[in-house]
Structures are given as C-alpha cells and as structure tokens.
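Here the structure is laid out as structure tokens; the discussion comes afterwards.
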Amino acid sequence: MRAEILSTKSCMKKGLVSLTTVFLMLASPVSATQTEKYKNCSALNAKYPGGIAKSASAVNKNKKGEVVKSKKPFDVNEKLYNAHKSLDRDKDNIVCEK
C-alpha cells in the first residue's frame with residue numbers, strides 16, 4: 001500500500017513538471033525575443049511590402065521633407081524599425097517604404 005502511494009506521488013510530480021514545461025514553452029514565443037534581420041529593402045519588402053514604421057504617427061516624406069502618399073500601407077513595429085534604422089534613408093521613421 002505504501003509503495004503504491006509513493007508511486008502515485010511520483011507520477012503526480014512528473015505530470016506537474018511536464019505541464020509546467022509545456023506552459024512555459026507556450027507562454028514565451030520565440031518571435032518575441034528575436035527580431036528578424038533583413039539584408040536590404042528588397043528582402044524586407046518581400047515580407048513587408050509597404051515597409052516598417054517606428055510608430056503609427058509616422059508620415060511618409062521624401063528626401064526634401066515633403067509629405068508624399070505611400071503606394072502601399074506600412075506595418076508598425078518599433079523593434080523591427082530599430083533593427084533596420086540604417087535603411088531609413090529619408091529619416092521619416094519608415095524604412096523601405098513604397
């Protein structure tokens with residue numbers, strides 16, 4: 001009887017550890033910790049055709065500073081923008097805009 005109780009407790013502990021592991025794996029997605037890195041605008045535009053903006057308040061401007069209408073809507077992602085800031089040639093807080 002005592003061995004049966006110990007065996008049941010052991011199974012319960014293993015089950016709890018397994019459930020905890022599964023929960024932690026689901027609660028921490030890989031994409032939240034890793035930022036995609038693209039070599040150039042062509043590569044970035046393959047996934048984000050309108051480019052990536054630092055914030056929703058970003059306005060598309062040309063090199064002269066004039067506001068221009070975007071051909072395609074851009075995605076907003078501050079982390080991704082910061083990782084590709086060097087591709088923002090006109091410094092309007094939108095990288096690789098079309």
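The packing ranking of peptides 65-74, 39-48, 89-98, highest mean first, is 89-98, 39-48, 65-74, where packing means the average number of other beta carbon atoms within 10 angstrom of each residue.
Using a simple spin-label model with pseudo-atoms 7 Å out from Cα toward Cβ, Ser70 and Lys85 lie 1.9 nm apart.
Read the figures in this text as sums done on the coordinates, not as results from a lab. On a predicted model such as this, the values are computed, not experimentally measured, just so you know. Because the Cβ atoms are built from the backbone with ideal geometry, glycine has one as well, and the counts that use them run over all protein chains shown.
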